[in-house]
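S.K.: One structure, as structure tokens, below. Some questions next.
The values are calculated or read from the model by the stated rules, or taken from the named source; none is laboratory data. Here the structure is a predicted model, which is why all the values come from computation and not from measurement. Here the Cβ is made from the backbone with ideal geometry for all residues, glycine too, and neighbour counts use every protein chain on show. We work out accessible area using only protein heavy atoms, side chains counted, and drop any ligands, DNA or RNA first. Shrake-Rupley method; radii C 1.70, N 1.55, O 1.52, S 1.80 Å.
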2 protein chains.
Amino acid sequence: MTLHIRPALAEDAAAIWQILEPVIRAGETYALPRDMAEAAALAYWMGADKQTLVARDAQGRVVGTYYCRANQAGGGAHVANCGYVVAQDARGRGVARAMAEDSLVRARDSGFAAMQFNFVVASNTGAVALWQKLGFAIVGRVPHAFDHPVLGLTDALVMHRAL
Amino acid sequence: MTLHIRPALAEDAAAIWQILEPVIRAGETYALPRDMAEAAALAYWMGADKQTLVARDAQGRVVGTYYCRANQAGGGAHVANCGYVVAQDARGRGVARAMAEDSLVRARDSGFAAMQFNFVVASNTGAVALWQKLGFAIVGRVPHAFDHPVLGLTDALVMHRAL
């Protein structure tokens, strides 16, 4: 699958919401309100504190989106934090991996020294395995930090890698 | 030291800023910009997403302040997150401990099931020891997550306890 990844434009908002909505409604991977409205979700995902990108396939269709930002301010501003979502009908085709690899390069180019994921739901084993393949280590495990709508109380992982 | 802890009022803002300013300027414990302006700092500390409290001594002087909020939204909203600052000239008199104990009670009363600190600078050994005495466990250690102005790159700890 050939992917083109570029910064999101205002005109991508509808496509981004199409991707975000089922993930937010399912409530299984992101700690966001399951009833979050479109405007609030887009304000979060495309907020001024973030760089937001879209991955488009050869037909120009947006099949994934991610954001990056500084994980902390001040003395923590050298560490990047990103979040990724793949369109449901584009899963299993390497979109997440391509976006993650793209984000690592962009974060390094932007001067970040490391990347951290603060809240990887432990039951999201596909994501955990992918991050580990990409060099991330599990540096923290918060017991029962996430109330999964199907599985109940689930651990959340903190993952990290240097850039 | 007899302390009275109550929700902060708008009129406490000047006293809160007096306590926050030297801590922010020092940049050794909070991941906030060292040059953060008063208005931005107060908007952060007393933000709508937080409950902010002040600890006053027997003379009514504000000697400490803390905030609590949900650490995450959605499936993570059952975990509280708090931050504490003690006035420089009131250190070593149990103010931090009193505020922490107060926050644990209030968080439990508010229905939170646990409390998590996301970013305890590892060199802040007094805080780490106090949290451990109060039942918090170190559940994560992010390498070099904080650029300490004196010590350089320092780990940050994730700490957690059930309520």
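S.K.: Just name the residue that is most open to solvent (accessible area, probe 1.4 Å) out of those in region B:119-142 that are at the interface with chain A (Cβ under 7 Å from one of its Cβ atoms) and closer than 23 Å to A:L163 by Cβ. If you could, list the steps in order and put the result at the bottom.
M.R.: Of region B:119-142, the ones at the interface with chain A (Cβ under 7 Å from one of its Cβ atoms) are B:119, B:139-142.
After this cut, where a residue has to be closer than 23 Å to A:L163 by Cβ as well, the list is B:119, B:140-142.
Values: B:F119: 38, B:G140: 5, B:R141: 118, B:V142: 3 Å².
The qualifying residue most open to solvent (accessible area, probe 1.4 Å) is B:R141.
S.K.: If we keep just the residues of region A:63-80 that are open to solvent by 20 Å² or more (accessible area, probe 1.4 Å) and not in a loop (DSSP other than H, G, I, E, B), which is nearest to B:V120 (Cα to Cα)? Full working, then the answer.
M.R.: So the first thing to find is which residues in region A:63-80 are open to solvent by 20 Å² or more (accessible area, probe 1.4 Å), and the list is A:69-74, A:77-78.
Still in the running and not in a loop (DSSP other than H, G, I, E, B): A:69-70, A:74.
On the way: A:R69: 20, A:A70: 17, A:G74: 14 Å.
So the residue we want is A:G74.
S.K.: Hey, another quick one. Look through region A:10-34, keep the residues that are without any contact (Cβ under 8 Å) to a residue 12 or more places away in the chain and more than 9 Å from chain B (Cβ to nearest Cβ), and return whichever of them is most open to solvent (accessible area, probe 1.4 Å).
M.R.: Taking the candidates together, the pick is A:E11.
S.K.: Could you check how many residues of region B:81-102 are open to solvent by 10 Å² or more (accessible area, probe 1.4 Å) and assigned to a helix (DSSP H, G or I)?
M.R.: Residues meeting the conditions: 7.
S.K.: Oh, and also: State all residues of region A:35-55 that are of a type in the set (A, V, I, L, M, F, W, C) and open to solvent by 70 Å² or more (accessible area, probe 1.4 Å); if no residue qualifies, say none. Give the steps one after another, and end with the answer.
M.R.: Initially, region A:35-55 is screened for residues of a type in the set (A, V, I, L, M, F, W, C), giving A:36-37, A:39-43, A:45-46, A:48, A:53-55.
Hits for region A:35-55 are A:A39, A:A48.
S.K.: Would you be able to tell me the number of residues in region B:22-62 that are over 16 Å from B:A87 (Cα atoms), assigned to a helix (DSSP H, G or I) and of a type in the set (A, V, I, L, M)?
M.R.: Here the count works out to 3.
S.K.: Continuing with the same structure: Just one of the numbered conditions (1) over 14 Å from the mean Cα position of the chain (by Cα); (2) away from every other protein chain (no Cβ under 14 Å) is not true of B:A43; which one?
M.R.: All conditions are met except number (2).
S.K.: Something else: Looking at (1) within 11 Å of another protein chain (Cβ to nearest Cβ); (2) farther than 24 Å from B:I24 by Cα; (3) open to solvent by 50 Å² or more (accessible area, probe 1.4 Å); (4) among the hydrophobic types (A, V, I, L, M, F, W, C), can you tell me which one B:V105 breaks?
M.R.: That leaves (1) as the condition not met.
S.K.: Out of all the residues in region A:114-161, which are among the β-branched types (V, I, T) and more than 17 Å from A:V79 (Cα to Cα)? Reasoning before the result, please.
M.R.: Restricting attention to region A:114-161, the residues satisfying the condition of being among the β-branched types (V, I, T) are A:120-121, A:125, A:128, A:138-139, A:142, A:150, A:154, A:158.
Selection gives A:V121, A:T125, A:V128, A:V142, A:V150, A:T154.
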